[in-house]
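Engineer: Here it is, the structure, as structure tokens.
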Amino acid sequence: VLTKKQVDGMIFVAAGEQTDSLRTLLHHKLPVVVVDRDLSNIDIDAVLTDNRQGGYLATKHLIDLGHTRIGCIAGPSHLTPSAQRVIGYRDALIDAGLPVDDELITRGDFHPESGYHAARSLLDRLAAPTAIFACNDLMALGALRAAAEFDRVVPRDLAVVGFDDIELASFTSPPLTTIAQPKSDLGRLAVEWLIEHIADKTRPARRELLP
């Protein structure tokens, strides 16, 4: 619809990979900037968060608090941000000389209910983790509910860290510790690049990773 309405350009923020949709837009010669999806197989402007660094920082924070058995609630495996956050989690454990236990990595779908069930499965184990890194805040909210049902007081009995810094993170009890994405910077750079691309359609595609 937008290509038929003859828009000058588009900022594309997808919930999934959406490569077919993007190829269609590029076929129409429409200037496009992708936000928060690393589509390395498509020659397109992409503004990204350093998800690997974020996963590392979240896990290192828990390690610095003294935790050695840290669970991870990953997102969908086919999404690059989720995969990169788990790599950061693994990197931090390795750098700290801690074992990477795949039994402590569970998977959700970025929604609260999946985080709840994933956290329950972790806490129900004989050697349960003392900390959980959830790869987004919504799954972390589900983990907080699971902790309450297992009588784990956060953060005394169980530390929880999320990712994204959504508004709801400030209203949990206690407030959720979370990795903040540079949302304003992502949006500003995406707009600047799109304006430049509209002015010069021959400009080579670029990729920027924000901390």
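Engineer: Tally the residues that are open to solvent by 80 Å² or more (accessible area, probe 1.4 Å) and not in a helix (DSSP H, G or I), restricting the search to the stretch 162-188.
Structural biologist: The total comes to 2.
Engineer: Please enumerate the residues belonging to the stretch 189-211 that are open to solvent by less than 70 Å² (accessible area, probe 1.4 Å) and either more than 26 Å from Gln53 (Cβ to Cβ) or without any contact (Cβ under 8 Å) to a residue 24 or more places away in the chain (or both).
Structural biologist: His197, Ile198, Asp200, Arg203
Engineer: Within 21 Å of the chain's Cα centre (by Cα), farther than 26 Å from Ala46 by Cβ, crowded, with 18+ Cβ neighbours inside 10 Å and touching a residue at least 60 places away in the same chain (Cβ under 8 Å): is that true of Ala134 in this structure?
Structural biologist: So Ala134 does not fit the description; no.
Engineer: Another question, if that's okay. Only one of Ala92, Ala146 is surrounded by 15 or more Cβ atoms within 10 Å (Cβ to Cβ) and either free of Cβ contacts under 8 Å to residues at least 12 places away in the same chain or out of contact with any Ser or Thr (no Cβ under 8 Å at 6 or more places or on another chain) (or both); which? Give the steps one after another, and end with the answer.
Structural biologist: Values: Ala92 fails: either free of Cβ contacts under 8 Å to residues at least 12 places away in the same chain or out of contact with any Ser or Thr (no Cβ under 8 Å at 6 or more places or on another chain) (or both).
On inspection, the qualifying residue turns out to be Ala146.
Engineer: Go through Glu196, Glu208, Glu192 for me and flag whichever is under 29 Å from Ile11 (Cβ atoms) and either outside any helix (DSSP H, G or I) or within 16 Å of the chain's Cα centre (by Cα) (or both). Before you say what the answer is, go through the steps one by one.
Structural biologist: Values: Glu196 fails: either outside any helix (DSSP H, G or I) or within 16 Å of the chain's Cα centre (by Cα) (or both); Glu192 fails: either outside any helix (DSSP H, G or I) or within 16 Å of the chain's Cα centre (by Cα) (or both).
Within the list Glu196, Glu208, Glu192, the selection yields Glu208.
Engineer: Within the stretch 102-123, which residues are open to solvent by less than 50 Å² (accessible area, probe 1.4 Å) and closer than 18 Å to Ile70 by Cβ? Break it down stepwise before answering.
Structural biologist: The initial filter retains those residues of the stretch 102-123 that are open to solvent by less than 50 Å² (accessible area, probe 1.4 Å), namely 104-106, 108, 110, 114-116, 118-119, 121-123.
Answer for the stretch 102-123, where residues must be open to solvent by less than 50 Å² (accessible area, probe 1.4 Å) and closer than 18 Å to Ile70 by Cβ: Leu104, Ile105, Thr106, Gly108, Gly115, Ala118, Ala119, Ser121, Leu122, Leu123.
Engineer: Quick one: in the stretch 39-69, which of the residues that are of a type in the set (S, T, N, Q) and touching a Ser or Thr at 6+ places or on another chain (Cβ under 9 Å) is least open to solvent (accessible area, probe 1.4 Å)?
Structural biologist: The residue in question is Asn51.
The values are calculated or read from the model by the stated rules, or taken from the named source; none is laboratory data. As the structure is a computational prediction, the values presented were derived from the model and not from experiment. Glycine also receives a Cβ, built like all others from the backbone with ideal geometry; neighbour counts cover every protein chain displayed. Accessible surface is based on the protein model in full, side chains and every heavy atom, while ligands, DNA and RNA are left aside. Shrake-Rupley method; radii C 1.70, N 1.55, O 1.52, S 1.80 Å.
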